[in-house]
Amino acid sequence: MRLDWTTILLFMALVTLGWLNIFAAIYDETANQSIWDLSLSSGRQLMFIAASLVIVAVINIIDMRFYETFAYLFFGLILVFLFLVPFIGKEVGGNKAWIGIGSFGVQPSEFAKFITALAVAKYIGSVGFRMDNFRNQAILFAIIGIPVILIQLQKDTGTALVFTSFILVFYREGMSPFLLIVGICAAAIFILTLLIPNQLYLHGSILLILILLIALGKKKIRRIVILVIGALIISGMIESVDYVVNNVLKPHQQNRVKVLVNPDIDPLGVGWNVTQSKIAIGSGGFIGKGFLKGTQTKFDFVPKQSTDFIFCTIGEEFGWIGSLVVIGLFVALLLRVIFLSERQKSRFARAYGYSVACILFFHFAINIGMTVGLFPVIGIPLPFFSYGGSSLWGFTILLFILLKLDAHRSQVLQRI
Amino acid sequence: MNEGRREIVQFVFVLVGLIFLVKLFFIQVLDNKYAELADSNAILRQVEYPFRGLITDRHGKLIVYNTPEYDLTAIVKDIKDFDSARFCSVFNLSREELRAKFKEMKRRKEYSSVKPTLFIDQLSNEDFAKVQDRLDEFPGFYIEARTTRAYTTNALANALGYVSELSKGQLERDDKGFYKQGDYIGQTGIESFYEEQLRGKRGVRFKLRNVKGIEKGSFKDGAYDTLSIPGQDLVTGLDLDLQQYGELLMKGKSGSIAAIEPATGEVLALVSGPSYSPSLLTGRNYSTNFSLISNDTLKPLFNRPLMAQYRPGSIFKIAQAMTALQEGVITPETRIRCDKTLIGCHPGHDNQDLRGAIANSCNPYFLGVLRRMLNKGVSNSPFEDTRIGLAEWNKHINSFGFGSKLGIDLPNEKGGLIPTPSYYDRAYDNRPWKFSNIYSIAIGEGENLVVPIQMANFAAIIANRGFYHIPHLVKWIGKEGKPLPKYAERHYTTIDSSYFKIAVDAMQQVVETGTGQYRARLVDVIVCGKTGTVQNDPLPAHSVFIAFAPRDNPKIAISVYVEDAGQGARAAASIASLMIEKYLYGKTKRQVIEDYVLAGKFLD
């Protein structure tokens, strides 16, 4: 058995940097603190890291076939847990996403990620699965849809959105890119509508494009009708953006979208997070203020500075160079995971590997995107960095199951 | 079918990473805005105000010092179990007033529920003593101390000036950026003239603060902090006892007393009447009192010794005599008839020599003197002749410090007026003028204007037999200062010092036998003086007297102006002699004269 040490080194680098930055984020010069102090987040994070190493050991002891074999069983169990959380869970930060075990709390939704990944991979890897089969596709979407609904019931929109990253896995496994293209187009239209206050310009340009397409292409009735219907749908979507923003989204979500478009609308109110986060990162300059020398994060100007906004500490204290290192490590890890996935001999392992990559990527993109003001504020952690046991353990399990599968890749029969 | 999809996924991953790095490069490296915002977020600039310099008199007696003043501040978040009834009784407020105080506080620009905000400003000492021990009953309320000016005397208000919040205009004129809105600055008087020395240097501390505004230690271990440096103390040449006595004598009168030590130019007393107590323009009642004082029709803020311009009157005859002697147009023995055809005169004398003419203040004599001086026959044209003569006359008169500011160390000094040829050109609209047009300047009437400090300086010149030091209040700056070089310099007149003996003789005669009469005389010391009665129709004349004493090695030179008080020999001569007596002996023995002055009925 040979574990992939490149991945392990990247993992250890990220976890260690995360731990240092958690200490920096909460550091109070006047209090004479120690990074080891268990009453501080940094001390507890170290415990979580130690526990995750135990988890890594356990994952490696267990037979590799265990994960595929019991994927559906785990999936069933986690659905039960997710269903129960709103009833037996305790409320933390407005979300009822925690189950208390003694003084510790765990977040079942963090574990739902790797379990869903296992279930998705198992289904994709099952005999007779065809991506172009509508029934197969429907079941796949159900596998990711059910946890999304249950998690959304806990009002944890961020984690629920993570499951959309599986669409990228489906794409890799053969799903038509149509859904992705439609999704990207819809997102583009949504953002354009928010950015351009006068929607007449948008409607006008759609009309212009429609006329051009009709004039330049073949003059078949069928084609013209399809183009006109398409244009009408897009115009309808533009008209519905306001409705969606104002009626479907909750007030705090509306604000987050509005702040993204114009962070200055209310810098002390709804724009506070984004504004302060950008100030913290922006003030770091090229080489940063130095470890423990940041002022914005440790003086609480940035909210949630050790969890969702941990990247601010990196930006402030280590500057652009530090950001480059961290982003570089993440991209390297993602590419390494893709590399590992592609060398798997089973479709299950490959689909699982892509799930790992896509889940990590989604967190990475959304989290950093939100701290630098490229994305609305969605409360999801930066993998391996953010403070918190459940999220660290969830990501560790996610990654190390892949490493376990990879270590035994030669033992499986090629089925692809 | 799935070919290239791996690369597309990889491409997306790398692309997102690159987008982040570009965006980060923009906000971290290219845009300085965020660094500045971060500093204004977390760095608190705290100004430390230095103590303002103290002011003492010539004997080291304290005149102006600093006294702590107490503001009551509140941190609203920390207010607990607030007993409003108890609070009202301790602070002597009604419920409505208390409610108003809270409203007022919350309206303040700097108001924050987590930072101390002004609640009651400038508690009096009594209030402070009363509430100090009970403050712990009201958590969330704090006392903040700062200093204001305090005075050991009710005198000297105009000379000292006052300190108050600087105005918008002053803030705009401050091109060095020293002041901020809300700072205090010396307004008028010594406080203004020596503002730069008195104010000291402010210190700045940079402190880190968290999002709640709570301090979290010093910025970079205080590397950018500066300590405040207290202002320098000023030692004046004023004699506080003499000053207070002068103000007592001037009580209820309009006018001024200026007393100078001739040998040094140090101002011993500078009285302006009417005046006010300097304590009124300090502390919590400043604004009420200021509007009262500045609206007073008697103008107590008008610093008469420096700003009131009067015609010099008969005293000017001494300067005329000196000038004529220097020009050689007369000798001490020159006699001129008291011819009253052009100008009136007092009865009882005729055809006197120079000393007699000064002692009796003979108007026709000095008319003749001026004629000889202005019309020397240098030119055949009487107009041109007068012009040349007047220019020479100007040179001498100006050397006595008339016609321009002396340069005393106080603001708002006036220079008076000595008419020059170009002045008369303007006055006569370039039509020709000659001696017969301008002769009233001969006896100190006409266009001449002088200020009282110039007249005191004139007395000092005669006392010194020909020179003066620029009159000044401040002897030196700092604890072990040296005399300021500007004031150590002797300014000589254009008159030969031997001629001054005649002036001294004449002034002695004025006091002993002439118009000065008995009120100016002292038993053990020879006082030299000269009366002046400045016409002020239709009101009674201003009473003027200049004097110095003792005759030899003089210790004090003085000018006294009492407005609308008639003859110089009465009000002004009495006050001047009392001041001299007080200064030389430390007390006065002539109760009758003092009572006469204090009663103030000079016209009866």
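Key figures
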| item | result |
| --- | --- |
| Computed [θ] at 222 nm, helices only, for chain B once each DSSP H run of length n ≥ 4 contributes -39500 (n - 2.57) | -10500 deg cm²/dmol |
| For A:T164, B:T297, order by how many other beta-carbon atoms lie within 10 Å, fewest first | B:T297, A:T164 |
| Equivalent-ellipsoid semi-axes of segment B:98-187, from the Cα gyration tensor, Å, largest first | 30, 22, 11 |
| Segment A:13-53 and segment B:486-534: distance between their alpha carbon centers, rounded to Å | 91 |
| Residue order, fewest to most surrounding Cβ atoms within 10 angstrom, among A:C358, B:C345 | B:C345, A:C358 |
| Whole-number Å³ per residue for the convex hull built on Cα positions in segment A:317-378 | 76 |
| Separation of alpha-carbon centers, segment A:116-139 and segment B:235-282, rounded to whole Å | 105 |
| Two-decimal ratio, the protein assembly as shown, of alpha-carbon radius of gyration to 2.2 N^0.38 Å | 1.55 |
| Length released on extending from B:N412 to B:Q591, taking residue separation times 0.36 nm less the Cα-Cα span | 60.8 nm |
| Order of B:S361, B:S422 - criterion: other Cβ atoms within 10 Å of each residue's Cβ, fewest first | B:S422, B:S361 |
| Label-to-label distance, nm, for residues given as B:E97 and B:D175 (7 Å Cα→Cβ offset) | 4.8 |
| Relative contact order of segment A:183-248, pairs being alpha-carbon contacts under 8 Å that are 6 or more residues apart, as % | 45 |
| Cα centroid separation, segment B:40-82 to segment A:170-233 (Å) | 69 |
| Potential extension, B:T331-B:A150 segment - 0.36 nm per residue separation minus Cα distance | 59.6 nm |
| Full-extension gain in nm, B:L248 to B:E3, via 0.36 nm per residue minus C-alpha separation | 77.2 nm |
| B:K168-A:A188 FRET efficiency (beta carbon distance; Förster radius 51 Å; 0.05 resolution) | 0.45 |
| If the convex hull is drawn through the Cα atoms of segment A:183-248, its volume per residue in Å³ | 88 |
| Gyration tensor (alpha-carbon) shape descriptor, chain A, a/c threshold 1.5 | oblate |
| Net +/- balance of residues flanking A:V148 in space, Cβ distance below 14 Å, scoring K and R +1, D and E -1 | +1 |
| Kirkwood Rh, angstrom, chain B [1 / mean 1/r, Cα pairs] | 28.5 |
| Loop-located GluC sites (Glu not before Pro) in segment B:29-85, at most 15 other Cβ atoms within 10 Å (DSSP) | none |
| Cα-based helix-to-principal-axis angle, B:286-295 vs chain B, degrees rounded to 10 | 30 |
| Estimated 222 nm signal from helices in chain A, with DSSP H stretches of n ≥ 4 weighted -39500 (n - 2.57), rounded to 500 | -22000 deg cm²/dmol |
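All of the numbers you see were taken from the coordinates with simple rules; none came from a lab. Predicted model only: the values in this text are computed from it and were never measured. Every residue, glycine as well, gets a Cβ built from its backbone with ideal geometry; the counts of neighbours run over all protein chains shown.
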